[in-house]
Amino acid sequence: MEQPLDRTIAPQAFALEDFPLVRPQTFILPNGIRLRLINAGVQPTVNVQLNFNTGRLAGKQRAVAYLTNKMLAEGTKHRSAASLMAAIDQMGAFLELSPGLDHSEVEFYCLHKHLRPMLGLVQEMLAESVFPERQLEKLKNVTAQGIRINLEKTATVATNLFRESIFGATHPYGSVITEQQLLDSSQEEVQQFYEQYYSGKSFEIIAAGQFEPDDVQLFAETLGTLPVSHVTAPTLSGHAPAIEPVTLYQPKENAVQSSIRIGKIIVLEQGKNSRDYLTLSLLVEALGGYFGSRLMQNIREEKGLTYGIYANLVTLQQASYLVIGADVKKDLRELAISEIHKEIAGMIEQPIDTDELNLVRNYMQGSFIGSLNTAFAIANRYKGIYHHGLPEDFYHHYVSSLNKITTDDLLQAAENHLKGGFSVISAG
C-alpha cells in the first residue's frame, strides 16, 4: 500500500542545467527559398511561418505596408475573400497576417492532414492577390476606427509619445500609423508594395510540428515553385539617432488614470548578440520584470499606486530600448514617477546581492524552460535567433550563461546603462 504524501516536506530541488533544443533541419527549395523544419510535438498539428523582409518603414509607407499584408487574404484571381476564408474554416485552420517593425509574416496553423491544401492557398495568395477596392476601403475604415478608439486610451497615447520621444517621429521605430495615412493609401500603392515585397520576392520559412519525411516535397511542390528574386528591404542608417531626453505630460479630460512610460535607448552594439545582453536582461527583470521585482514591491505592494508595473528590455534588429510602464490614478502620477526614478537609481545605490540574484536567475531559468512546452514555442525561439543573427545554439546555453552572471556584472551594467538620459512620458 502506498504511503500518503507528506506535504510538510518540500520536494527535493535540483539545479537547472543546459539542455539542447530540437534542432531545425534546413532545406533549400527548388526556387532557393530556405525552409527550416522543426519536427517535434505529440499532436498531428503544424505551424508554418513565412517571413518577408518588408519592415523599417515610416510615414505613409508604413500604412501601405500594413494594408498590403492584411489584404493578402482578401481575394485572388480565382477566389473571393469569402471563398478563401471558407476554405480555411472548413479545414479548421487559422491564418494570421502580421506586419511588423522589422519584418512581416504570413503564418498558419492546421492539422497535418491539411498541410498540402493550406500551402496551396498561401501559394495562391502570394502569386495572385488582387486587392479588391471594396475590401480595401472596408479594411481602411475598420482600421482607422480602431486607431480612433485606441487613441482614447491613455496607454496608447503614452506609448506612441514615448517611442516618438526616443526615436523621433520620422524614424521607422518612432513613427506611428495615422488615420489619415490609412485613408489616403490607394489601391495602386498597395498593389505596388505587393509587387515590390511579396509577389515573386524571396522569403524564409520556419515550420514546426509533427511532420513526415515526404513533407519537404510538399513545400517544394507548392511554395518551392514560386518564382522569386531577392528583395532588399529599407534599412536604417546605423543606430537610432541621438535624441535628448524629454519630460512630457499629455493631459486628457475625463481620464481617471494616467499612463506612464519612462525609458531610454540602450546601446548594444550587436543587439542580443552583445556580451552584456543577458546581464542587462537579468538586471531589468530584477527591476520590473516579474511579480517580486523591485518596482512591483515598491509601487504596488508597499504604496498601492498601481495594480501592475513592468520594465522591459526591447531588442529590435537595429536598436534596443528600456521601457517602464504603469497606469496610476491621476493625482498620484508625480509620486509614481518619483518612486520609479528612485528604484532606477537604487539599482546602482543598492546593488543586487547574491540572494536577489539567485531569486531572479531561478525565475528566468524556470520561465524559459516552461516556455518551451510546444514545438511552436521552440520555433518562435529559433525565429528570434535568425532575426537577430544569433548562434543557432544560443538558447542551448541559456541556463549556464545566466549562471555565469555575478553581482559585480549587474552593478557594472547598471552603471553603464541606468545613469540618466531617461525620457518621462505620461498621458491622462
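For this structure, a couple of remarks:
- For the pair LEU372 and HIS78, the difference between a 0.36 nm per residue extended length and the Cα-Cα distance amounts to 101.9 nm.
- Helix 154-167 axis, angle to the chain major axis (alpha carbon atoms, nearest 10°): 90 degrees
- A full extension of the chain between ILE147 and GLN350 corresponds to an added length of 68.9 nm, given 0.36 nm per residue minus the alpha carbon distance.
- Solvent exposure ordering (accessible area, 1.4 Å, most first) of LYS60, LYS138, LYS404: LYS404, LYS138, LYS60
- Cα gyration tensor category, rounded, prolate or oblate, for segment 271-428 with a/c compared to 1.5: prolate
- Value of D in µm² per second that Stokes-Einstein yields for the chain, Kirkwood Rh from Cα pairs, at 10 °C (1.306 mPa s): 66 µm²/s
- Förster-model FRET efficiency, 22 Å R0, TYR307 and ASN358, C-beta, rounded to 0.05: 0.20
- Sum of side-chain charges, HIS397 neighbourhood, beta-carbon under 10 Å (Lys, Arg +1; Asp, Glu -1): -1
- Seen through its C-alpha gyration tensor, with square-root eigenvalues sorted a ≥ b ≥ c, segment 21-140 comes out oblate because a/c lies at 1.5 or above while a/b is not bigger than b/c.
- C-alpha long axis of helix 115-128 to longest principal axis of the chain, angle in °: 80 degrees
- Heavy-atom SASA rank of PHE422, PHE167 (probe 1.4 Å, accessible area, largest first): PHE422, PHE167
- Residue among TYR307, TYR194, TYR382 with the largest mean-square fluctuation in a Gaussian network model of the chain, springs linking Cα atoms under 10 Å: TYR307
- For LEU280, neighbours were defined as the other residues whose beta-carbon sits under 15 Å from its Cβ, and their charges (Lys and Arg +1, Asp and Glu -1) total 0.
- When each of the peptides 264-271, 141-148, 42-49 is scored by how many other beta carbons lie within 10 Å of its residues on average, the order from highest to lowest is 42-49, 264-271, 141-148.
- Dividing the summed helix terms, -39500 (n - 2.57) for each DSSP H run of n ≥ 4, by the number of residues in the chain produces a 222 nm estimate of -12000 deg cm²/dmol to the nearest 500.
- Using a Förster distance of 25 Å, the FRET efficiency for HIS230-ASN380 (Cβ separation, nearest 0.05): 0.50
- Between ASN31 and GLN217, the simple spin-label model (points 7 angstrom out along Cα→Cβ) gives 2.1 nm.
- The charge dipole of the chain, taken about the Cα centre with unit charges on the Cβ atoms of Lys, Arg (+1) and Asp, Glu (-1), comes to about 700 debye, rounded to the nearest 20.
- Fully extending the segment from GLN297 to GLN3 would add 101.8 nm, taking 0.36 nm per residue of separation and subtracting the current Cα-Cα distance.
- Spin-label zone in segment 355-376 - amide nitrogen under 17 Å from a point set 7 Å from the Cα of THR406 along the C-beta vector: 355-358
- Computed from Cα positions, the angle between helix 133-150 and the longest principal axis of the chain comes to roughly 10 degrees.
The values are calculated or read from the model by the stated rules, or taken from the named source; none is laboratory data. Keep in mind that what you see is a predicted model, and the values were worked out from it rather than measured. For neighbour counting, all protein chains shown are included, and Cβ atoms are generated from backbone atoms with ideal geometry for every residue, glycine included. Each accessible area value is taken on the protein alone, full model and side chains, heavy atoms only, with ligands, DNA and RNA left out. Shrake-Rupley method; radii C 1.70, N 1.55, O 1.52, S 1.80 Å.
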